[in-house]
Amino acid sequence: MTAHALPFLDGHARLGMGSWHLGQGRRDADSEIHALTTGAALGLTLIDTAEMYGDGASEELIGAALPAMPVRPFLVSKVLPHNASRRGVLRACEASRERLGVECIDLYLLHWRGGVPLAETVAAFEELRAQGQIRHWGVSNFDTDDMQELWRVPQGRHCVVNQVLYNVHSRGIEYDLLSWCREHGVGMMAYCPLGQGEVLEDGVLQEIGERHGVPAATVALAWALRDPGVIAIPESGSAEHVRANARALALQLDAQDLAAIDAASPPPRRKQPLDVL
C-alpha cells in the first residue's frame, strides 16, 4: 500500500479532512481554521466540502483558511441534485469557486442522484473541465447499478471518484461496489470513516490502538486506508482530532489487527442497500 496510489491526487495523501459541520457555529471560526491549517501542515492536504454544507458556509470557512496553509490543498466540492442541470451545474460551480476563492476546483462531485438525467450532468461537468473550472469530476452515493448506468453515458467513464459512507461498522460496499470501482479505475472516497462518533467507542479498535499506542480513531482510519484505492475524509473540527487522524498515515495494521476487526465487524456476505447519511 502506498499513500499516493490514485494518480489524479497528484501526490496528495489519501487521508484528508471533511467539513460537513464547519462554519456553522459548532465551534468558533478561528478554531476551525486552526484545525484545517494544522491538518494541512501534517500532510492532510485534501479537503472535502459541498455547497450543501451550511448553505455554503463550509466553503467560505475553507476559503478563509486557504491563505494560511503551507501548501495549496486538493479541493473537493459537490453540487446538489436539484442544481445538476447543465445551467444549474455551471451556476453552482461558479458560486462554490467564489466562496472558496479559487479559480479551479480539483474534484467536483454530484452529491447524490436526483431527477436530472445523468447524461446532462456529465455533459456539464465535461464543459467545466474543458473551461478549466474543475480538474476532475465524480459522483457520491452511487451504488453498483448507478455506476454501471454512468458507464453507459457518453463520457461517463471520466468519473474518477465515488464518495460513499464507509467505515468498520458500515462495510456493505465491500460486497460488490468496491471491487467494481477498483476494476474500473474509480477511487472510493469514504465519508464518515469514524461513523458519527460511535466507531470511537468500539472496544476492538480501542484494544488495537492500545497495542500501537494510538487512539481508536487512528486505527479506524488506518483500516479504511488499507485499500490503496480508498480515500478517507474524517471531520476536521478541532486541531486535537486532526492530529490523531494524521497519525493514521504512519500506522500499518497487521494481520492480527485486521482479523480482530473482521471478527467483530464482519464483511458482508450478500448485497446490501447502500448506506447513506
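Every number here is computed from the coordinates shown, using simple stated rules; none is lab data. Every value quoted in this text rests on a predicted model; they were computed, and no experiment measured them. Backbone-built Cβ (ideal geometry, glycine too); neighbour counts: all protein chains shown.
Quick check for me: using +1 on Lys/Arg Cβ and -1 on Asp/Glu Cβ, what's the dipole size of the chain about its Cα centre, in debye to the nearest 20?
The dipole of the chain has a size of about 520 debye.
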Original post:
So what's the gap between the Cα centers of the range 8-25 and the range 146-205, to the nearest angstrom?
Top reply: 16
Subject >> Fewest-first sequence of 176, 145 by Cβ atoms within 10 Å of each Cβ >> reply: 145, 176
Original post:
With labels modelled as points extended 7 Å from the Cα through the Cβ direction, what inter-label distance (nm, one decimal) is found for residue 158 paired with residue 226?
Top reply: 3.6
Original post:
Mind checking the log10 I(q)/I(0) for the range 151-277 at q = 0.09, 0.11, 0.15 Å⁻¹? Debye, one equal scatterer per Cα, no solvent, two decimals.
Top reply: -0.26, -0.39, -0.70
Original post:
For residue 170, what charge total do you get from the other residues with a beta carbon under 13 Å from its beta carbon, if Lys and Arg give +1 and Asp and Glu give -1?
Top reply: -3
**OP:** Name the most mobile residue of 250, 84, 123, meaning the one with the largest mean-square fluctuation, in a Gaussian network model of the chain with Cα contacts below 10 Å.
**Re:** 250
Original post:
Which FRET efficiency value, to the nearest 0.05, do you get for residue 26 and residue 72 by plugging their Cβ-Cβ distance into 1/(1 + (r/R0)^6) with R0 = 25 Å?
Top reply: 0.45
Original post:
How big is the gap, in Å, between the Cα center of the range 91-105 and the Cα center of the range 253-271?
Top reply: 41
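Looking at the chain, do any whole DSSP H helices span at least 15 angstrom along their long axis by alpha carbon and average -0.5 or above on Kyte-Doolittle, and which?
29-41, 118-131
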Original post:
Say each of residue 123 and residue 145 gets a label point 7 Å from the Cα, pointing the same way as Cα to Cβ; how far apart are those two points in nm?
Top reply: 2.6
**OP:** Can you tell me how much longer the chain between residue 250 and residue 201 gets when fully stretched, taken as 0.36 nm per residue apart minus their C-alpha distance, in nm with one decimal?
**Re:** 15.5 nm
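Going by how many other Cβ atoms sit within 10 Å of their own, how do 125, 74, 142, 8 line up, fewest first?
Taking fewest neighbouring Cβ atoms as first place, the list is 8, 74, 142, 125.
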Original post:
Counting DSSP beta bridges in the chain, what percent are antiparallel, to the nearest 5?
Top reply: 5
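So how strong a dipole does the range 1-125 carry about its Cα centre when Lys and Arg Cβ are +1 and Asp and Glu Cβ are -1, to the nearest 20 debye?
Values: 11 positive and 14 negative charges, 66 e Å.
Once rounded to the nearest 20, the dipole reads 320 debye.
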Original post:
How would you rank 111-121, 45-55, highest first, on the average number of other Cβ atoms within 10 Å across their residues?
Top reply: 45-55, 111-121
